[in-house]
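These notes are about the structure you will find just below.
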């Protein structure tokens, strides 16, 4: 249920978005979907995501507090998973022009972002969900901007028929951290980390468009 309240003639909607990243579950080939729309000439992909609103964390939330639920008892969990995820949080933070920072906490009740691992695969139309991020935010209809309150990230430990490659893990984790940091939606360019599925065209680092999109969300005009 979405509760609507009026405040200073502005409508604030507490919303949550469930965002997923898919991998092919039938072979070692990465999922490749329609690439007919490719706007790689643009500096960012704000036009791809603004229909759902533009979201960011407030400066009063920084550094964002992240809790990693221990995955030792989850089948197929590897200690490398947390190491890779930490590097992904660091990578996004480092390209944010000082607008984002994070720290690990040991108390889940104190966390802004909760991270957990699961071996329960969920099949989507394009393949298996490698990760799912729920972002809870308050949205202002008049400005099309929202402030994130908290986020929950669930990461898969293995595909139904095989283990993840390390490159698949890196791409999926970078993608989910992008959602948790405010990119609600997906790029339509398969080169970008924030494309909705793993693509053969993706590298293991953020593209300039990924970086520019995040930074746009934290410019004064967007905030």
**OP:** Please verify whether the range 17-25 includes one or more residues that are more than 15 Å from the chain's Cα centre (by Cα), at pLDDT below 95, on the phi < 0 side of the Ramachandran plot and part of a loop (DSSP other than H, G, I, E, B).
**Re:** yes
**OP:** Identify, from the list 102, 117, the residue that is more than 15 Å from residue 57 (Cα to Cα), touching a strand residue (DSSP E or B) at 6+ places or on another chain (Cβ under 7 Å), surrounded by 14 or more Cβ atoms within 10 Å (Cβ to Cβ) and modelled with pLDDT of 90 or more.
**Re:** 117
Original post:
Hey, does the range 174-193 have a residue that's under 16 Å from residue 92 (Cα atoms), touching a helix residue (DSSP H, G or I) at 6+ places or on another chain (Cβ under 8 Å) and free of Cβ contacts under 8 Å to residues at least 40 places away in the same chain?
Top reply: yes
Original post:
Does the range 79-89 contain at least one residue that is modelled with pLDDT of 95 or more, assigned to a loop (DSSP other than H, G, I, E, B) and under 30 Å from residue 162 (Cα atoms)?
Top reply: no
**OP:** Residues being outside any helix (DSSP H, G or I) and surrounded by 14 or more Cβ atoms within 10 Å (Cβ to Cβ): count how many of those fall in the range 46-62.
**Re:** 6
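The values are calculated or read from the model by the stated rules, or taken from the named source; none is laboratory data. It should be emphasised that the depicted structure is a prediction, and the values quoted were computed from it without experimental measurement. Note that each Cβ is placed from the backbone with ideal geometry, even for glycine, and that neighbours are counted across all protein chains shown.
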